[in-house]
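Asker: Take this structure first; my questions come after.
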Amino acid sequence: MRLTLASPAALLLTAALTAGCAMPGHKKDVVSTKDAPQAIGPYSQAIKHGPFVFLAGQIPIDPKTNQLLQNASIEEQTRLVLDNLKAVLVASGMTMDDVVSTSVFMKDLNEFPRMNEVYGSYFKNAPPARATVEVARLPRDVKVEISAIAAR
């Protein structure tokens, strides 16, 4: 038997498919809102499929000005990223309490405690499963990107 490491998103998707969420009658719906930054590539802000919403990674772009908070602190960037995810969740009919998994990508894990303090303020009750990794580079050279999966 060969074991491989899978991302939380891949594991949740596998569980959903095994549970029958991909049966006929469940279609893939695009979720979009002007209250979060528009996609900067060929992807959707989120996809709703059955009881799940798969949210694309958000970076700290202010949706009102379309400006990047590139030189802002990790706390400011994390707050804006989570506010953007929250806006997409609202557009899908869900809340932060429906988030079951997040993936956090950071440019510098030395800033983890400061990011984590802000992150924790958004998930006070039954926080979601989470993977956090340091990466060499993020889109537009930001400090943090977060994606999420929500479920009813």
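Asker: Among the residues of segment 69-78, is any buried (at least 18 other Cβ atoms within 10 Å of the Cβ), among the hydrophobic types (A, V, I, L, M, F, W, C), modelled with pLDDT under 95 and outside any helix (DSSP H, G or I)?
Answerer: Yes, segment 69-78 has at least one match.
Asker: Among the residues of segment 90-118, which ones are closer than 18 Å to P60 by Cβ and in contact with a Ser or Thr (Cβ under 6 Å, 6 or more places away or on another chain)?
Answerer: Answer for segment 90-118, where residues must be closer than 18 Å to P60 by Cβ and in contact with a Ser or Thr (Cβ under 6 Å, 6 or more places away or on another chain): S103, V104, M115, V118.
Asker: Give the residue that is farthest from K107 (Cα to Cα), with candidates limited to residues of segment 27-72 that are of a type in the set (S, T, N, Q) and in contact with an Asp or Glu (Cβ under 9 Å, 6 or more places away or on another chain).
Answerer: Q58
Asker: Please determine, by comparing only the residues of segment 32-65 that are polar (S, T, N, Q) and part of a loop (DSSP other than H, G, I, E, B), which one is surrounded by the most Cβ atoms within 10 Å (Cβ to Cβ).
Answerer: Q45
Asker: Please work out which residue is nearest to L85 (Cα to Cα), limiting yourself to segment 112-126 and to residues that are free of Cβ contacts under 8 Å to residues at least 40 places away in the same chain and aromatic (F, W, Y).
Answerer: It comes out as F123.
Asker: Still on this model: Scan segment 65-91 for residues that are more than 15 Å from F54 (Cα to Cα) and under 13 Å from the mean Cα position of the chain (by Cα) and report the count.
Answerer: Count: 5.
Asker: How many residues are assigned to a loop (DSSP other than H, G, I, E, B), touching a strand residue (DSSP E or B) at 6+ places or on another chain (Cβ under 8 Å) and of a type outside the set (V, I, T) if we restrict to segment 105-148?
Answerer: Final tally of qualifying residues: 6.
Asker: Looking only at segment 75-111, which residues are in contact with an Asp or Glu (Cβ under 8 Å, 6 or more places away or on another chain) and touching a residue at least 60 places away in the same chain (Cβ under 8 Å)?
Answerer: Once the filter is applied, which keeps residues that are in contact with an Asp or Glu (Cβ under 8 Å, 6 or more places away or on another chain) and touching a residue at least 60 places away in the same chain (Cβ under 8 Å), segment 75-111 yields V81, L89, A91.
Asker: Shifting gears a bit: Which residue, of S147, S103, is under 23 Å from L68 (Cβ atoms) and either crowded, with 20+ Cβ neighbours inside 10 Å or over 15 Å from the mean Cα position of the chain (by Cα) (or both)?
Answerer: Checking each option against the conditions leaves just S147.
Asker: Among the residues of segment 85-136, which ones are polar (S, T, N, Q) and modelled with pLDDT under 95? Can you show your working first?
Answerer: Just the residues of segment 85-136 that are polar (S, T, N, Q), to begin with: 92, 95, 101-103, 110, 116, 121, 125, 132.
Listed by number, the list holds a single entry, N125.
The values are calculated or read from the model by the stated rules, or taken from the named source; none is laboratory data. If you're wondering where the values come from, they're calculated on a predicted model, not measured in any experiment. Using ideal geometry, Cβ is built from the backbone for each residue, glycine included, and neighbour counts are taken over all protein chains shown.
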